[in-house]
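The next block holds one structure in the form of C-alpha cells; read it before the comments.
Read-outs: derived from the displayed coordinates by stated rules, not from any lab. Note that the coordinates shown come from a computational prediction; the quantities given were computed from them, not determined experimentally. Here Cβ is always computed from backbone atoms with ideal geometry, including for glycine, and neighbour counts include all displayed protein chains.
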Amino acid sequence: MDALMLARAQFALTIAFHYIFPPLSIGLGVILVIMEGRYLQTKNELYHRMTRFWVKVFGLIFALGVATGIVMEFQFGTNWSTYSRYVGDVFGSALAAEGVFAFFLESCFLALLLFGWNKVGPKMHFFSTIMVAFGAHFSAVWIIVANSWQQTPVGHHIVAEGGRVRAEVVDFWQVVFNPSTLDRLSHALMGAWQAGAFLVISVSAFYLLRKKHQEFAKASMKIALVVAAFASIMQLWTGHSSAATVAETQPAKLAAFEAHFENDEPAALWLFGWVNEAEQEVNFGIAIPGLTSLLTHGDSKAPLTGLNAFPEDERPPVNIVFQAYHLMVAVGFGLILLAFGGLVLCWRGILFQARWLLWVLVFSVVGPQIANQFGWLAAEVGRQPWIVYGLLKTSEAYSPTVTSGEIMASLAMFTVIYLLLFALFIYLLNEKIQHGPVDEAIIDKGVRP
C-alpha cells in the first residue's frame with residue numbers, strides 16, 4: 001500500500017474513533033439540561049440522582065473525546081502538509097473560533113458541572129450544565145463549518161506564492177454560511193442527540209431487565225425516548241434537506257448515493273443492492289423508479305445528473321458510497337421505529353414489561369453510532385477524488401516527504417493505542433453502570449444543589 005492510501009487509512013481510523021465520543025457528549029448534554037431542569041422545577045430527588053449519575057458518564061465521554069481529537073488535528077501537519085498549506089487560512093479561522101469560543105467555554109463550566117454540587121447554588125449549577133451543553137453544540141458548529149467548506153468552498157480566493165497556491169478568506173461569513181453548512185450541521189446535531197438519547201435508553205433498559213434502580217430507569221428512559229423520537233424524525237427531515245443540497249452542489253456524490261449513471265434521466269431510489277461499476281448497473285437490488293427525482297425536485301420525471309456526466313477520474317468509488325449511504329438510511333428508519341414504538345408502548349404501560357423489546361433497546365446504543373459512522377463515510381468518500389471539492393484533489397494533498405514505512409508504523413501504533421483506549425472506556429463505563437446511581441440515603445449532607 002502506498003503512502004497516500006496509508007495516510008488516508010490512518011486519518012479514517014483516527015476520525016472514526018474520535019467520532020464515537022463528541023456525538024455522545026452533545027446528545028447527553030441536552031438530556032442533562034432536561035433532567036436538572038426537571039429537578040429544579042419539581043424538587044424531586046429522583047431527577048437529582050439522574051443528573052448526578054449521567055454527569056459522571058458525561059465526564060468520561062468528554063475526556064476521551066478531547067484525547068482523541070487532539071491527535072486528529074496533528075495529522076493535518078504530519079501527513080497532509082500540502083492540504084494544510086492550501087486550507088490553512090480558512091481552517092485556521094474556524095478552528096481558532098472553535099477553541100476560543102466553544103472549547104474554552106465548555107471546559108470552564110465543566111469543572112462546575114462535575115465538582116460544583118456543594119460549591120455553588122442550584123441555579124448556578126444548572127447554568128453551568130446549560131453552558132457545557134451549549135459549548136458542545138458550539139464546538140460542533142465550527143468543526144462542521146470547516147468541513148462543509150471543503151464540500152462547498154466559497155468566500156475565498158486563490159493566492160499563488162513561490163510556486164505554491166493556497167486559499168485565502170475574503171468573506172468570513174460566506175465561509176461560515178457556505179451552501180452546505182446549515183444542512184450538515186442540523187443533520188449532525190440530530191445524529192448526536194440520537195447517540196446520547198439511545199445511550200440513556202440502553203442503560204435504562206439494562207437496569208429494568210436486571211430489576212435494579214427501576215424508578216430511576218423508568219424516569220430516565222421516558223426523557224430519553226422523547227429526545228430520541230424528536231431527534232429521529234428531525235434526522236429524517238434534515239437528511240432530506242441535506243440530500244437536496246448535495247444534488248445542487250455535489251451532483252456526483254448524489255449520483256453515487258443512488259448509483260445513477262445515465263445523465264439527464266430520472267433517478268430511481270434503491271432500497272438495497274450491489275453496484276457493478278464496470279457494467280454500470282445494480283445487482284440483487286430493488287428500486288422505486290423516479291423516487292430520487294421526486295424527492296429532489298418534486299417531480300418523478302425530472303432528470304438528474306448522472307455519473308457519466310463526469311470524467312472517470314472525477315467520480316467517487318460508487319459501491320462503497322452506495323452501501324454506506326443506504327446502511328445509514330436503513331439504520332435511521334430503524335431508530336425512528338424504535339423511538340416512536342417505545343414511546344407508544346411506554347404511554348400504554350407495556351414497555352417496561354416487554355423483556356424482548358428491552359433487550360433490543362439495550363443494544364440500540366450501537367444504532368446511532370453505525371448511522372453516524374456510515375453517514376460520515378458516505379459524505380467524505382462521496383466527494384472523492386476531491387479533498388476540497390473542485391479545487392484540490394486528495395492525491396495532491398498529502399505530505400510527499402513522509403514515507404509509507406513511517407505511516408505504517410504510526411498506524412500500527414495508533415491502532416493498538418485506540419484498542420486499549422476503547423477497552424478502558426468500556427471498562428470504566430461498565431463500572432459506572434454497575435455501580436449505578438447514588439442512593440439518596442448515603443449522599444452526604446449538603447451535597448445536593
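Whose amide H sits under 5 Å from the amide H of Trp270, counting only residues 5 or more places off or on another chain, with H placed in the peptide plane?
Correct list: Ile288.
Please compute one quarter of the surface area of the Cα convex hull for the stretch 283-371 and express it in square nanometres.
Result: a mean projected hull area of 8.9 nm².
Run the numbers on the chain and let me know its relative contact order in percent, using alpha-carbon pairs under 8 Å that are six or more apart.
Once normalised by length, the contact order is 21 percent.
How many angstrom lie between the Cα centre of the stretch 262-305 and the Cα centre of the stretch 4-35?
Here the answer is 32 Å between Cα centres.
For the stretch 310-383 and the stretch 123-194, what is the centre-to-centre distance using only Cα atoms, to the nearest Å?
If we compute the Cα centre of each part, the gap is 24 Å.
Please check: in the Gaussian network model of the chain (C-alpha springs, under 10 Å), which one of Asp89, Asp264, Asp313 has the largest mean-square fluctuation.
The residue that fluctuates most here is Asp313.
Picking from Gly29, Tyr389, Ile233, whose Cα lies most toward the positive end of the charge dipole for the chain (charges on Cβ: Lys, Arg +1; Asp, Glu -1)?
Most positive-ward Cα: Gly29.
For the stretch 1-80, compute Rg over Rh where Rg is the Cα radius of gyration and Rh is the Kirkwood radius from the inverse mean 1/r over Cα pairs.
My calculation of the ratio gives 1.24.
Check which residues have an amide H placed less than 5 Å from Ile387's amide H, if you skip close sequence neighbours.
The answer is Leu392, Lys393, Thr394.
Okay, which of the stretch 398-422 sit inside 15 Å, backbone N to the point 7 Å along the Cα-Cβ direction of Arg210?
Of the residues in the stretch 398-422, none has backbone N under 15 Å from the label point off Arg210.
What Rg and what Dmax come out for the stretch 157-264 when only alpha-carbon atoms are used, in angstroms?
According to the Cα coordinates of the stretch 157-264, Rg and Dmax are 21.6, 70 Å.
Specify the residue with the greatest mean-square fluctuation among Gly99, Gly27, Gly65, computed from a Gaussian network of the chain linking alpha-carbon atoms under 10 Å apart.
Comparing Gly99, Gly27, Gly65 in a Gaussian network model of the chain, the most mobile one is Gly99.
Counting pairwise Cα distances across the chain, what percent come out greater than 29 angstrom?
Of all Cα-Cα pairs in the chain, 52 percent lie more than 29 Å apart.
Under 14 Å from a label point 7 Å along Cα→Cβ of Leu295: give me every residue in the stretch 266-283 with its amide N that close.
Residues 267-273 qualify, since their backbone N sits under 14 Å from the label point.
Please report, in debye to the nearest 20, how large the charge dipole of the stretch 122-278 is about its Cα centre when each Lys and Arg carries +1 at its beta carbon and each Asp and Glu carries -1 there.
1300 debye
Take each uninterrupted DSSP H stretch in the chain, measure its Cα extent along the helix axis, and return the ones at 27 Å or beyond whose mean Kyte-Doolittle hydropathy is at least 1.6.
318-347
What is the fewest-to-most order of Leu28, Leu327 by other Cβ atoms lying within 10 Å of their Cβ?
Leu327, Leu28
Arrange Glu312, Glu73 by Cβ neighbour counts within 10 Å, fewest through most, would you?
Arranged by neighbour count, lowest to highest, Glu312, Glu73 become Glu312, Glu73.
Can you list the lysines whose alpha carbon sits under 30 Å from that of Lys432, skipping same-chain ones fewer than 8 residues off?
In chain and number order, the partners are Lys43, Lys56, Lys119, Lys123, Lys211, Lys212, Lys218, Lys222, Lys445.
Less than 23 Å apart at the alpha-carbon level, and either on another chain or at least 8 residues along: which lysines does that give for Lys393?
In chain and number order, the partners are Lys253.
Starting from a Cα-only point model with no solvent, please compute log10 I(q)/I(0) by Debye for the stretch 51-92 at q = 0.14, 0.15, 0.19, 0.31 1/Å.
With one equal scatterer per Cα and no solvent, log10 I(q)/I(0) is -0.49, -0.52, -0.63, -0.97.
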